[in-house]
Amino acid sequence: MKSALLTLPKEQPSSHCCFCSMQCGLEIMPSEKTSGLTIKPSPNFPVATSRLCQKGLNALDHVLHADRILEPLTREIGEPRRWRTVSWDHAFADIAERIQGLQATYGPDAIGVYGGGSLTNEVSYLLGKFTRVALRSKYIDYNGRYCMSSAAAASNQAFGIDRGMTMPLTEVPNAKYIILAGTNIAECQPTMMPYLLEAKKKGAVIVTIDPRNTMTSKVADIHVRLQPGFDSVFVNGLLHVMVEEKLVHHRFIEERTVGFEQLKEAVKPFTPARVEELTGVLEAVTRTIARGFAKAETGIVLTARGLEQQVNGVENTLNYINLSLITGKIGRKGCGYGAVTGQANGQGGREHGQKGGPTAGLSFDRRPSCT
């Protein structure tokens with residue numbers, strides 16, 4: 001097997017890490033190591049505050065690995081079915097012939113395409129065009145379907161637009177109360193942690209909602225070990241307290257939202273005592289978090305896959321969005337809601353060609369909705 005080789009151009013190459021949604025800037029530098037190259041954080045990429053985690057620092061390892069496959073392989077006919085090297089021309093012709101044969105027999109939709117959230121906008125667009133125009137197939141999707149599609153659907157329903165976050169990360173340090181639900185930022189998006197630690201240094205209260213003890217929960221002031229499947233029940237309890245104790249932002253609700261009366265009726269049965277009975281979360285904990293978030297001058301809610309990758313993931317996400325809406329903590333300094341995307345370009349994948357299903361093209365009420 002040939003070893004992968006990289007040579008640097010005359011200008012210092014820079015890129016972005018593709019392993020999580022932070023997309024940290026990186027620079028490829030000469031090194032005395034075996035590969036001759038190393039990666040350093042880019043000082044010119046402000047989002048990651050000039051940092052890289054272990055994933056980014058080792059991003060070259062798979063590129064330079066001695067076992068990396070550099071040429072097309074095909075299985076031999078007969079036994080044993082060993083792999084053998086073929087030319088690129090042979091590989092392209094073989095793939096095209098197989099696709100054409102299947103479509104001639106079963107129709108264009110016999111071929112489906114599955115992309116990924118680490119593709120760039122341009123490649124996502126090209127993949128979508130290839131599927132719909134070249135293959136004439138309606139079947140395209142990507143692994144974001146198992147990532148934050150629930151959050152995307154919830155954002156469309158609540159805000160009329162699919163966006164990961166409603167505020168820049170630079171607003172996190174300005175929040176006085178932060179709820180992290182179903183996310184382990186310290187291990188999954190390590191370069192986002194400085195924003196949370198800065199907020200904590202300024203006196204912010206951090207709440208983590210996660211069944212596990214994680215690196216993120218270790219920095220939290222309150223850790224709710226909520227079992228999977230009970231997010232909506234728990235948040236209904238928080239909303240119940242806010243409504244019953246009149247801790248909601250009435251002017252914001254009247255001017256910016258719809259559906260508040262329906263929400264009040266929906267959460268009425270979910271008293272903190274009932275929530276404790278269903279989830280095991282102490283009544284006092286539910287009241288403490290609800291009062292703390294509602295009364296805080298500013299606040300941010302961040303959600304992720306832990307609550308989204310459930311059968312009622314859209315409902316779960318909408319409930320957490322409601323925390324921001326009924327308290328008026330959105331659209332101003334130190335406030336907002338955000339879905340912490342797991343992949344480098346999950347949103348770009350949806351918006352630029354990889355979004356499948358009959359929902360593409362639907363329009364939604366542009367007013368935020370408490371539902």
Quiz item: Do you know which of the residues in region 68-84 that are of a type in the set (A, V, I, L, M, F, W, C) and assigned to a loop (DSSP other than H, G, I, E, B) is surrounded by the most Cβ atoms within 10 Å (Cβ to Cβ)?
Solution: ILE69
Quiz prompt | Test: THR38 is free of Cβ contacts under 8 Å to residues at least 40 places away in the same chain and farther than 17 Å from GLU27 by Cβ | solution = no
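Condition check: at pLDDT 95 or above, part of a helix (DSSP H, G or I) and under 16 Å from the mean Cα position of the chain (by Cα). Does TYR320 satisfy that?
On the way: at pLDDT 95 or above: yes; part of a helix (DSSP H, G or I): yes; under 16 Å from the mean Cα position of the chain (by Cα): yes.
It is true that TYR320 is at pLDDT 95 or above, part of a helix (DSSP H, G or I) and under 16 Å from the mean Cα position of the chain (by Cα).
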Quiz item: Among the residues of region 284-304, how many are part of a helix (DSSP H, G or I) and open to solvent by 10 Å² or more (accessible area, probe 1.4 Å)?
Solution: 8
Self-check item: Options LYS355, LYS295; residue that is among the basic types (Lys, Arg) and at pLDDT below 95
Solution: LYS355
Exercise. Please determine, by comparing only the residues of region 150-168 that are under 14 Å from the mean Cα position of the chain (by Cα) and open to solvent by 20 Å² or more (accessible area, probe 1.4 Å), which one is modelled with the lowest pLDDT.
Key: ARG163
Self-check item: Residues satisfying the stated conditions in region 33-48, i.e. assigned to a loop (DSSP other than H, G, I, E, B) and in contact with a strand residue (DSSP E or B) (Cβ under 9 Å, 6 or more places away or on another chain)
Solution: GLY36, SER42, PRO43, ASN44, PHE45, PRO46, VAL47, ALA48
Quiz item: All but one of (1) open to solvent by 20 Å² or more (accessible area, probe 1.4 Å); (2) in contact with a Pro (Cβ under 6 Å, 6 or more places away or on another chain); (3) not hydroxyl-bearing (Ser, Thr, Tyr) hold for ALA199; which doesn't?
Solution: (1)
Self-check item: Residues satisfying the stated conditions in region 117-148, i.e. surrounded by 23 or more Cβ atoms within 10 Å (Cβ to Cβ) and closer than 26 Å to SER232 by Cβ
Solution: GLY117, GLY144, CYS147, MET148
Quiz item: Taking interchain pairs and intrachain pairs at least six residues apart, which have beta carbon atoms under 6 angstrom, with the first residue in region 294-307 and of a type in the set (Ser, Thr, Tyr) and the second not in a helix (DSSP H, G or I)?
Solution: THR298/ALA175; THR298/LYS176; THR298/GLY334; THR298/CYS335; THR303/ALA181; THR303/GLY182; THR303/ALA339
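Taking region 254-271 only, how many residues are surrounded by fewer than 17 Cβ atoms within 10 Å (Cβ to Cβ), more than 30 Å from ARG212 (Cα to Cα) and either touching a helix residue (DSSP H, G or I) at 6+ places or on another chain (Cβ under 9 Å) or not polar (S, T, N, Q) (or both)?
Qualifying residue count, region 254-271: 7.
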Quiz prompt | Unique residue being among the small types (Gly, Ala, Ser), at pLDDT below 85, exposed (fewer than 15 other Cβ atoms within 10 Å of the Cβ) and over 27 Å from LEU197 (Cα atoms) when the list is SER87, SER35, SER3 | solution = SER3
Self-check item: In region 90-116, the residues that are of a type in the set (A, V, I, L, M, F, W, C), under 36 Å from the mean Cα position of the chain (by Cα) and loosely packed, with under 13 Cβ neighbours inside 10 Å
Solution: PHE92, ILE95, ALA96
Quiz item: Applying the selection to region 219-253, what residues are under 20 Å from LEU307 (Cα atoms), loosely packed, with under 15 Cβ neighbours inside 10 Å and at pLDDT 95 or above?
Solution: ARG225
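The values are calculated or read from the model by the stated rules, or taken from the named source; none is laboratory data. Since the structure is predicted, the reported quantities are computational estimates derived from the model, not experimental observations. Please note: Cβ atoms are built from the backbone with ideal geometry, for glycine as well, and neighbour counts cover all protein chains shown. Note: areas computed on protein heavy atoms with side chains; ligands, DNA, RNA excluded. Shrake-Rupley method; radii C 1.70, N 1.55, O 1.52, S 1.80 Å.
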